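Working notes for the structure below.
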Amino acid sequence: MSTQRGDSEASAPFVVRQATPGDAEAVGRIWLTGWADGHVGNVPPGLVPHRQDPAQYLSRARDRVGSTWVAESAIGEILGFVVVKRDELEQVYVARTARGTGVAAQLLRRGEDEVRRAGHSRAWLAVVAGNTRARAFYERQGWRDAGPFTYQAETEAGTFPVPSHRYEIDLNA
């Protein structure tokens with residue numbers, strides 16, 4: 001477990017660590033809020049009803065706890081998380097109060113490290129085209145836009161096609 005400091009002088013220290021089952025509730029809350037902030041208005045309207053139930057985020061967070069890393073503040077608050085699925089950073093979200101503090105960059109690095117440890121030379125993630133804040137962030141972190149593609153978002157009714165951009169980073173660079 002390594003301690004990472006946020007980029008902002010105003011930020012408190014935080015630790016990036018493997019998630020535990022006790023983190024699922026906080027992860028679910030951050031995920032629900034973050035998904036709405038980055039996706040509502042940027043995804044097909046038919047997906048939105050599948051993403052409005054807080055229980056769905058809690059269930060998904062519990063299912064992914066073994067592949068999730070969280071940023072935790074010095075006072076025990078979960079500030080954000082990253083989920084790694086093979087060579088994909090499947091989810092990256094930061095609490096509104098922690099945005100701009102360096103938490104997201106550290107979570108992204110941890111996700112990259114986990115993909116590298118799994119033996120992959122390239123990591124990828126999907127970003128909806130209209131989420132310009134996220135796209136700009138990934139580009140500042142050295143990720144490149146590999147072009148548009150259709151991401152198959154998981155829902156309780158099966159997958160839902162979402163026009164997205166695939167971002168990639170070479171882990172051997």
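The values are calculated or read from the model by the stated rules, or taken from the named source; none is laboratory data. Predicted model, so just to flag it, every value in this text is computed and none were measured. FYI the Cβ positions are ideal-geometry reconstructions off the backbone, even for glycines, and counts take in every protein chain you see.
In a residue-by-residue description of region 89-96, the property of being out of contact with any Phe, Trp or Tyr (no Cβ under 8 Å at 6 or more places or on another chain), at pLDDT 95 or above and part of a helix (DSSP H, G or I) applies to at least one position. Across region 116-164, which residue is nearest to Tyr57 (Cα to Cα) among those that are small (Gly, Ala, Ser) and in a helix (DSSP H, G or I)? Across region 116-164, the extreme among qualifying residues is Ala134. Of the numbered criteria (1) in contact with a strand residue (DSSP E or B) (Cβ under 7 Å, 6 or more places away or on another chain); (2) under 20 Å from His39 (Cα atoms); (3) in contact (Cβ under 8 Å) with a residue 60 or more places away in the chain, the one Thr159 fails is (3). Listed by first and then second residue, the pairs with beta-carbon distance under 6 Å, at least 6 apart or on different chains, first residue in region 65-89 and without any contact (Cβ under 8 Å) to a residue 60 or more places away in the chain and farther than 18 Å from Val115 by Cβ, second outside any loop (DSSP other than H, G, I, E, B) and charged (D, E, K, R), are Ile78/Asp23; Ile78/Glu72.
Within region 13-53, the set of residues being assigned to a helix (DSSP H, G or I) and either at pLDDT below 95 or over 17 Å from the mean Cα position of the chain (by Cα) (or both) comprises Pro21, Gly22, Pro45, Gly46, Leu47, Val48, Pro49, His50.
The set of residues in region 78-112 that are within 19 Å of Tyr167 (Cα to Cα), surrounded by fewer than 17 Cβ atoms within 10 Å (Cβ to Cβ) and basic (Lys, Arg) comprises Lys85, Arg86, Arg109. For region 127-145, filtered to residues that are farther than 16 Å from Gly111 by Cβ and among the small types (Gly, Ala, Ser), the residue that is surrounded by the most Cβ atoms within 10 Å (Cβ to Cβ) is Gly130.
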